[in-house]
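To start, the structure itself, in structure tokens.
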Amino acid sequence: MTEPLVERTAAKEPLFERVAVIGLGLIGSSLARRALQSGTIAREVVAYDASPSVRARVVELGIAHRVAETVADAVQGADCVVLCVPVGAMGVVAAELIPHMQPGAILTDVGSTKQSVIREIEPLLRPDLHFVPAHPLAGTEYSGPDAGFSTLFEGRWTLLTPLEGSDPEATARVAGLWQLCGAMTREMDAPHHDKALAIVSHLPHLLAFTICGTADDLEGESRNEVLQFAASGFRDFTRIAASDPVMWRDVFLNNREALLEMLARFTEDAQAMARAIRWGDEAFIVDRIERGRRIRRSLIEIKQA
Ligand code: NAP
């Protein structure tokens with residue numbers, strides 16, 4: 001786990017002079033809100049979003065000190081730039097803003113996939129910049145600047161995947177940023193991150209989208225009953241399935257190998273369950289259900305439920 005920087009910064013100077021948040025959706029607007037409220041993260045919070053309507057909404061919401069009209073203006077003079085755009089847009093946005101960053105500044109991101117973001121951004125980096133990829137494990141099914149809230153990251157993990165040879169001080173400062181948002185931080189390598197997230201986040205979303213599609217394909221009476229009696233289990237899938245299509249399209253396409261590997265393992269396990277049901281293998285069925293209950297209890301115990 002990264003050493004807490006919170007105590008070092010709380011009573012003194014803010015961690016950064018100017019943080020530029022690029023992409024003011026759920027994650028970016030939550031970060032901006034937190035940074036603006038806390039005062040310990042940055043002296044100034046500058047926001048930029050490609051969408052004029054999002055920029056206008058951010059001004060109305062008052063969740064940044066300043067909303068820039070161009071990405072170049074947003075990052076000039078910032079000692080920390082946080083990319084909060086969908087993972088498929090990370091490379092394009094980084095290429096646009098890197099030439100305008102000040103020497104010594106930190107570039108970080110919040111993307112849900114890490115190898116793809118590193119693959120896109122690493123070749124664009126200047127030697128006088130520090131790149132620290134990160135991923136806050138916090139979110140909801142809502143998107144856009146109205147969906148964010150300043151406590152989103154509290155008690156949640158943020159995973160950092162620094163590159164080999166990254167400056168440890170830059171990594172510590174990015175960890176400090178997330179700790180000041182109330183998060184716990186941990187470092188791991190990017191392939192490990194992508195594999196872990198494939199099972200804990202990407203596969204469950206894939207299953208939720210798929211089961212909703214299956215229900216939607218049903219005909220007539222059965223389809224109506226799905227909606228009418230949704231309370232029993234199906235409803236929980238629909239919450240996950242309400243997530244942003246662009247964000248999740250990008251996640252699936254950018255964590256292809258790990259996700260397909262987990263899906264293959266899941267399919268084998270689902271087949272084993274089907275076989276147990278077909279042959280009335282009660283012990284197998286009960287064992288699987290008990291394993292599920294144990295995992296749920298463990299999550300509650302570590303306060304991540
Ligand atoms: P979101 O609510 O859809 O927000 C993304 C924002 O980025 C939108 O305002 C979008 O504008 C803007 N954008 C898109 N392309 C851009 C560009 N080229 N330049 C500047 N702004 C651009 O998405 P989100 O949920 O905050 O996700 C943002 C990032 O956080 C993604 O990389 C995602 O993988 C990661 N993440 C998400 C979650 C989650 O649960 N949602 C959790 C952890 C990490 P338009 O709407 O006009 O396209």
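The values are calculated or read from the model by the stated rules, or taken from the named source; none is laboratory data. As the structure is a prediction and not an experimental result, all values here were calculated from the model. All Cβ positions, glycine included, derive from the backbone under ideal geometry; neighbour counts span all protein chains shown.
Checking R235 against (1) charged (D, E, K, R); (2) at pLDDT 90 or above; (3) closer than 26 Å to S143 by Cα, only one condition comes out false. Which one?
(2)
Residue pairs, Cβ under 6 Å, 6 or more apart or interchain, first in the stretch 135-157 and near the ligand (Cβ under 6 Å from one of its atoms), second part of a loop (DSSP other than H, G, I, E, B) and among the acidic types (D, E). List them.
Sorted first by the residue in the stretch 135-157, then by its partner, the pairs are S143/D244.
Give me the residue from the stretch 68-80 that is crowded, with 17+ Cβ neighbours inside 10 Å and within 12 Å of the ligand (Cβ to nearest atom) and, out of that set, farthest from L129 (Cα to Cα).
Step by step, filter the stretch 68-80, then rank; the result is A68.
Please state which of the following conditions A231 fails to meet, knowing it meets all the rest: (1) of a type outside the set (D, E, K, R); (2) surrounded by fewer than 17 Cβ atoms within 10 Å (Cβ to Cβ); (3) within 19 Å of R291 (Cβ to Cβ).
With respect to (1) of a type outside the set (D, E, K, R); (2) surrounded by fewer than 17 Cβ atoms within 10 Å (Cβ to Cβ); (3) within 19 Å of R291 (Cβ to Cβ), A231 is out only on (3).
For every residue, the table says whether it meets (1) touching a Phe, Trp or Tyr at 6+ places or on another chain (Cβ under 6 Å); (2) near the ligand (Cβ under 8 Å from one of its atoms); (3) assigned by TED's automatic domain parsing to the domain that holds I22; (4) outside any loop (DSSP other than H, G, I, E, B).
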site: A89; (1), (2), (3), (4): no, yes, yes, yes
site: V92; (1), (2), (3), (4): no, yes, yes, yes
site: A95; (1), (2), (3), (4): no, no, yes, yes
site: P99; (1), (2), (3), (4): no, no, yes, yes
site: L107; (1), (2), (3), (4): yes, no, yes, yes
site: S112; (1), (2), (3), (4): no, yes, yes, no
site: I118; (1), (2), (3), (4): no, no, yes, yes
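Residue under question is A64, and the condition is that it be more than 10 Å from the ligand (Cβ to nearest atom), touching a residue at least 60 places away in the same chain (Cβ under 8 Å) and more than 16 Å from A183 (Cβ to Cβ); does it hold? Give the derivation first.
Details: more than 10 Å from the ligand (Cβ to nearest atom): yes; touching a residue at least 60 places away in the same chain (Cβ under 8 Å): no; more than 16 Å from A183 (Cβ to Cβ): yes.
It is false that A64 is more than 10 Å from the ligand (Cβ to nearest atom), touching a residue at least 60 places away in the same chain (Cβ under 8 Å) and more than 16 Å from A183 (Cβ to Cβ).
Test S38 against the stated conditions and say whether it is more than 22 Å from W178 (Cα to Cα) and either small (G, A, S) or more than 21 Å from the chain's Cα centre (by Cα) (or both). Before you say what the answer is, go through the steps one by one.
Working: more than 22 Å from W178 (Cα to Cα): no; either small (G, A, S) or more than 21 Å from the chain's Cα centre (by Cα) (or both): yes.
In short, no.
Residues of the stretch 226-275 being small (G, A, S) and within 19 Å of the chain's Cα centre (by Cα), which ones?
A241, A242, S243, A258 - these are the residues of the stretch 226-275 that are small (G, A, S) and within 19 Å of the chain's Cα centre (by Cα).
Hey, any hits in the stretch 216-233 for a residue that's within 16 Å of the ligand (Cβ to nearest atom) and either touching a Ser or Thr at 6+ places or on another chain (Cβ under 6 Å) or not assigned by TED's automatic domain parsing to the domain that holds I27 (or both)?
Here is the first cut: in the stretch 216-233, the residues within 16 Å of the ligand (Cβ to nearest atom) are none.
No - not one qualifying residue is present in the stretch 216-233.
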